[in-house]
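Read through the structure below, which is laid out as structure tokens, and then see the notes.
Just so it is clear, none of the values below were taken in a lab; they were calculated from the coordinates. Not measured: the values here are computed from a predicted model. In this analysis, Cβ positions are derived from the backbone assuming ideal geometry, glycine residues included, and neighbour counts consider all displayed protein chains.
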Amino acid sequence: MARLLEKYRAEIVPALTEELGHSNVHAVPRLEKIVVSMGVGEAVQDRKRLDAAVDHLTTLSGQKAQVCRARKSVSGFRLREGMPIGCRVTLRGKRMYEFLDRLITLALPRVRDFRGVNPRSFDGRGNYNCGLQEQLVFPEVDPETVNHPQGMNITIVTTAKNNDEGHALLKALGVPFQNEDSDR
């Protein structure tokens with residue numbers, strides 16, 4: 001079992017039940033899924049960049065990445081409907097907890113000048129979004145194979161009803177937020 005999942009069941013659920021004032025254990029917010037996506041705009045001219053991004057995303061997530069295609073044609077970007085322009089992976093269950101554990105303990109501390117993630121990146125319903133500048137912060141990605149650093153967006157979807165519950169859940173899971181003293 002994933003280390004973070006065990007911690008969630010044994011320590012976090014009882015603590016959040018008391019902190020949030022829920023009488024039912026099933027009302028406590030939990031993680032639903034994590035979506036990691038990479039937009040590769042340069043794939044319009046060079047197909048190899050998209051293939052490299054798919055390989056790196058597959059390596060760091062442990063799951064085959066799905067290629068995303070353009071929905072509309074945009075002549076200014078020389079983009080036609082149906083052209084591959086990105087990739088994504090949706091993690092659930094044990095893989096989701098293992099990815100979040102690696103993100104918190106290994107990847108985020110390797111970001112240059114890291115002072116914590118922005119606590120205002122919630123969407124109003126308890127879901128959290130953050131971005132990384134390059135995939136090299138993950139130790140699974142070999143720097144020798146990376147020709148072009150590629151950024152990524154990480155969306156953490158929770159069952160929280162509002163931002164405060166989502167913040168409490170992610171803080172209990174160990175997500176390092178910056179400026180804990182200031183307002184959210």
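Among the residues of the range 101-118, those that are in contact with a Leu (Cβ under 9 Å, 6 or more places away or on another chain) and farther than 20 Å from Tyr8 by Cβ comprise Arg110, Val111, Phe114, Gly116.
Select, from Lys33, Lys64, the only residue that is touching a strand residue (DSSP E or B) at 6+ places or on another chain (Cβ under 9 Å), touching a residue at least 24 places away in the same chain (Cβ under 8 Å) and part of a loop (DSSP other than H, G, I, E, B). Don't jump to the end; show me each part of the working.
Numbers: Lys33 fails: part of a loop (DSSP other than H, G, I, E, B).
One residue alone meets the criteria, Lys64.
Can you confirm whether Glu144 is in contact with a strand residue (DSSP E or B) (Cβ under 9 Å, 6 or more places away or on another chain) and of a type in the set (Asp, Glu)?
Details: in contact with a strand residue (DSSP E or B) (Cβ under 9 Å, 6 or more places away or on another chain): no; of a type in the set (Asp, Glu): yes.
In short, no.
Within the set Leu4, Leu16, Leu91, the sole residue that is surrounded by 15 or more Cβ atoms within 10 Å (Cβ to Cβ), in contact (Cβ under 8 Å) with a residue 12 or more places away in the chain and out of contact with any Leu (no Cβ under 8 Å at 6 or more places or on another chain) turns out to be Leu91.
Within the range 129-166, take every residue that is assigned to a loop (DSSP other than H, G, I, E, B) and without any contact (Cβ under 8 Å) to a residue 60 or more places away in the chain and give me the one that is nearest to Arg47 (Cα to Cα).
Going residue by residue through the range 129-166, those that are assigned to a loop (DSSP other than H, G, I, E, B) are 133-134, 138-142, 146-151, 159-162.
Then drop every residue that is not without any contact (Cβ under 8 Å) to a residue 60 or more places away in the chain, which leaves 133-134, 139, 142, 149, 162.
On the way: Gln133: 21, Glu134: 19, Pro139: 25, Asp142: 20, Pro149: 15, Asn162: 41 Å.
Here the residue is Pro149.
Taken over the range 93-127, the criterion of being assigned to a helix (DSSP H, G or I), in contact with a helix residue (DSSP H, G or I) (Cβ under 8 Å, 6 or more places away or on another chain) and under 28 Å from Ala27 (Cβ atoms) is satisfied by Lys94, Arg95, Tyr97, Glu98, Phe99, Leu100, Asp101, Ile104. Leu106 meets each of the listed conditions (1) touching a strand residue (DSSP E or B) at 6+ places or on another chain (Cβ under 7 Å); (2) touching a residue at least 24 places away in the same chain (Cβ under 8 Å); (3) loosely packed, with under 14 Cβ neighbours inside 10 Å apart from (1).
Among Glu165, Glu140, which is the only one that is among the charged types (D, E, K, R) and buried (at least 19 other Cβ atoms within 10 Å of the Cβ)?
On the way: Glu140 fails: buried (at least 19 other Cβ atoms within 10 Å of the Cβ).
Just a single option satisfies the conditions, and that option is Glu165.
Note on the range 122-137: among residues that are surrounded by 16 or more Cβ atoms within 10 Å (Cβ to Cβ) and polar (S, T, N, Q), the one that is nearest to Leu169 (Cα to Cα) is Asn127.
Candidates are the residues of the range 19-30 that are without any contact (Cβ under 8 Å) to a residue 40 or more places away in the chain and assigned to a helix (DSSP H, G or I); the one that is surrounded by the fewest Cβ atoms within 10 Å (Cβ to Cβ) is His26.
Out of the residues in the range 76-92 that are of a type in the set (A, V, I, L, M, F, W, C) and not in a helix (DSSP H, G or I), which is nearest to Arg3 (Cα to Cα)? Among residues in the range 76-92 that are of a type in the set (A, V, I, L, M, F, W, C) and not in a helix (DSSP H, G or I), the one nearest to Arg3 (Cα to Cα) is Leu91.
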